[in-house]
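Q: Let me begin by handing over the structure; questions about it come next.
The values are calculated or read from the model by the stated rules, or taken from the named source; none is laboratory data. Because the structure is predicted, anything quoted here is derived from the model rather than measured. Glycine gets a Cβ as well: all are built from the backbone with ideal geometry, and neighbour counts include every protein chain shown.
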Amino acid sequence: MAVSSWPRLVWAHPSGVLLAGQLLGVLLYPFMGDSATGRSLLSLFALVVLVLAVRAVRATPAWTWVAVLILVPVFLLTLAEALLPESEDILLWSSVFRAAFYFYTTYGLLRYMFQDRRVTTDELFATGATFTVVAWAFAYVFLAAQVVWPGSFIAAIDPSADRTWMELLFLSFSNLTSVGLSDVVPVLPHARSLVMIEQVAGLMYVALVISRIVGLTLTRERDARS
């Protein structure tokens with residue numbers, strides 16, 4: 001395949017583009033740091049990922065206008081965060097709307113994967129993209145919880161400080177995958193209940209989504225041989 005055709009191939013799979021953007025964010029976030037400039041760059045990259053998420057939603061049975069409707073306050077609050085990085089009210093509402101956006105994206109991707117009985121390449125990408133989107137959604141839920149209930153999460157390093165976005169994202173991935181390797185611990189009742197909900201979501205994702213994709217793939221291979 002010619003090199004020039006690769007961008008067209010990648011762009012043809014919205015879920016694959018979203019997955020790549022999410023994973024690229026995981027690698028880039030540590031370089032951005034906790035400075036004002038780093039937070040601004042982080043917000044800018046997050047907006048790019050959200051635009052990719054809207055494009056992925058457009059390929060699903062979910063209503064695109066709902067995603068755009070949620071994205072508008074997210075965009076405005078992101079600008080407000082860049083101007084007033086110390087405002088907890090802005091951080092709270094930004095986290096709430098971002099979590100709502102990612103949960104709605106999850107809904108759209110799940111409907112997309114369950115709408116037919118044939119596994120396509122983009123649906124395989126959607127399996128990974130949905131997982132990362134759920135992890136992002138819960139990370140923002142944890143961030144909002146930390147604003148409402150200070151001290152919800154502690155860590156071995158500087159336990160009295162608020163947890164950074166990267167720490168909460170790491171906690172979210174650790175819970176969703178059930179590996180339990182995070183050094184960030186929920187200590188308040190509300191934080192623990194949110195973490196338990198995510199653990200159930202991770203278990204149900206494997207039981208319902210992954211098992212269905214594997215089953216349909218095996219069925220397709222069996223039909224092809226017969």
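Q: Determine which single condition A161 fails, assuming it passes every other condition in (1) part of a loop (DSSP other than H, G, I, E, B); (2) touching a residue at least 12 places away in the same chain (Cβ under 8 Å).
A: (2)
One line per residue, one yes/no per condition, for (1) touching a residue at least 12 places away in the same chain (Cβ under 8 Å); (2) within 18 Å of Q22 (Cβ to Cβ); (3) of a type in the set (S, T, Y):
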position	(1), (2), (3)
V66	yes, no, no
A80	yes, no, no
L84	no, no, no
S95	yes, yes, yes
F125	yes, yes, no
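Yes/no matrix, rows are residues, columns are (1) modelled with pLDDT of 80 or more; (2) over 20 Å from L92 (Cα atoms):
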residue	(1), (2)
L28	yes, yes
G38	no, no
L42	no, no
A46	no, no
V51	yes, yes
T60	no, yes
W65	yes, yes
L79	yes, no
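Q: Mind checking whether some residue in segment 174-182 is surrounded by fewer than 13 Cβ atoms within 10 Å (Cβ to Cβ), under 28 Å from F114 (Cα atoms) and at pLDDT below 90? Step through it out loud before you land on a result.
A: Kept after step one, since they are surrounded by fewer than 13 Cβ atoms within 10 Å (Cβ to Cβ), are these residues of segment 174-182: 178-181.
From what's left, under 28 Å from F114 (Cα atoms): 178-179.
Okay, now just the ones that are also at pLDDT below 90, so 178-179.
Checking segment 174-182: at least one residue is surrounded by fewer than 13 Cβ atoms within 10 Å (Cβ to Cβ), under 28 Å from F114 (Cα atoms) and at pLDDT below 90.
Q: Name, by its number, the condition in (1) of a type in the set (D, E); (2) buried (at least 19 other Cβ atoms within 10 Å of the Cβ); (3) more than 18 Å from V26 (Cβ to Cβ) that does not hold for D158.
A: Of everything listed in (1) of a type in the set (D, E); (2) buried (at least 19 other Cβ atoms within 10 Å of the Cβ); (3) more than 18 Å from V26 (Cβ to Cβ), D158 misses just condition (2).
Q: Let me ask another. Take the residues of segment 81-107 that are assigned to a helix (DSSP H, G or I) and modelled with pLDDT under 85: which is nearest to A145 (Cα to Cα)? Working first, answer last.
A: Of the residues in segment 81-107, the ones assigned to a helix (DSSP H, G or I) are 81-83, 88-107.
This time we only want the ones that are modelled with pLDDT under 85, so: 81-83.
Numbers: E81: 18, A82: 21, L83: 22 Å.
Per the criteria, the residue is E81.
Q: Kindly indicate whether any position in segment 199-209 is within 29 Å of R111 (Cβ to Cβ), crowded, with 16+ Cβ neighbours inside 10 Å, modelled with pLDDT under 90 and hydrophobic (A, V, I, L, M, F, W, C).
A: The answer is yes, given that some residue of segment 199-209 is within 29 Å of R111 (Cβ to Cβ), crowded, with 16+ Cβ neighbours inside 10 Å, modelled with pLDDT under 90 and hydrophobic (A, V, I, L, M, F, W, C).
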